[in-house]
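S.K.: Handing you a structure now.
The values are calculated or read from the model by the stated rules, or taken from the named source; none is laboratory data. None of the values given here were measured: they were computed from a predicted structure. Here the Cβ positions follow ideal geometry from the backbone for every residue, glycine too, while neighbour counts run over all protein chains shown. All accessible areas refer to the heavy atoms of the entire protein, side chains included, with ligands and DNA or RNA removed. Shrake-Rupley method; radii C 1.70, N 1.55, O 1.52, S 1.80 Å.
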Amino acid sequence: MHADRHDRVPVSSYAIAIGSNRPHHRHGDPAGVVRAAMHALAELGTVTARSRILRTAPLGPAGRSFANAVAILETGLPPPALLIGLKQLERRFGRRRGRRWGARVLDLDIVLWSGGVWAGDGLTVPHPEFRKRRFVLAPLGEIAPGLRDPLTGRTVRQLLHAVDRRRPRA
């Protein structure tokens, strides 16, 4: 018996932010952790694009520099199921629940979803803070500058430009 098109799971596309500010015993420095996480995302679907890995200053009282990147993931998983899969990956990399701003081996966040907006099950998409975060917008803009924020209608390129305009000049 072969599957017809009614048996196929609809595929969604997600922008996943990836960050690390602690080394890992197997993957090395935070950039190595981010690189390994980008490959591990393939367990949850098809990674169709990967940004470069950026090194960024600490956010909040974390105290350590971060390595950040974004990947585009296509999967049949709905947002809550993808969140469960991402949390399992974080735990496998050694992430422990704890302080919001603490050092972390791996942080995976759903930033945008091709389905638009999701709210519930402990998850909000788009990510509520992504519009302010250059460390998310810059790598996302590298691989998907035309993606639109479903709440503002602005493209990633426009959001990044707005963040850059607000940054103090050195």
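S.K.: What do you get for trypsin sites (Lys or Arg not before Pro) in the stretch 15-59 restricted to DSSP loop and a cutoff of at most 10 other Cβ within 10 Å of the site's Cβ?
M.R.: Of the trypsin sites (Lys or Arg not before Pro), the ones in loops of the stretch 15-59 whose Cβ has at most 10 other Cβ atoms within 10 Å are 26.
S.K.: Now for a separate question. Could you pull the accessible area for residue 161 with a 1.4 Å probe, rounded to 10 Å²?
M.R.: The accessible area of residue 161 comes to roughly 110 Å².
S.K.: Mind checking the per residue accessible area of the stretch 9-49 for me, 1.4 Å probe, whole number of Å²?
M.R.: On a per-residue basis, the stretch 9-49 sits at 45 Å².
S.K.: What does the extension gain come out to for residue 151 and residue 114, with contour length at 0.36 nm per residue minus their alpha carbon separation?
M.R.: So the extension gain works out to 12.1 nm.
S.K.: I've got another one for you. What net charge do the residues around residue 30 carry, taking every other residue with its C-beta under 12 Å from that of residue 30, with Lys and Arg at +1 and Asp and Glu at -1?
M.R.: Around residue 30, the surrounding residues sum to +3.
S.K.: If you don't mind, another one. Within a Cβ distance under 9 Å of residue 112, other residues only, what is the Lys/Arg minus Asp/Glu net charge?
M.R.: Local charge sum for residue 112: 0.
S.K.: Using unit Cβ charges (K, R positive; D, E negative) and no other charged atoms, how large, in debye to the nearest 20, is the dipole of the stretch 119-170 about its Cα centre?
M.R.: Here the stretch 119-170 has a charge dipole of around 400 debye.
S.K.: Can you compute the modelled spin-label distance between residue 161 and residue 11, with each label point 7 Å from Cα toward Cβ, in nm?
M.R.: Calculated label separation equals 3.1 nm.
S.K.: Let me ask something additional. So between residue 74 and residue 49, what do we pick up on full extension, going 0.36 nm a residue minus the alpha carbon distance?
M.R.: 8.0 nm
S.K.: For the stretch 19-60, just say rounded, prolate or oblate: build the C-alpha gyration tensor, square-root its eigenvalues into a ≥ b ≥ c, call rounded for a/c under 1.5, and beyond that prolate if a/b exceeds b/c, oblate if not.
M.R.: Cα axes put the stretch 19-60 in the oblate bin.
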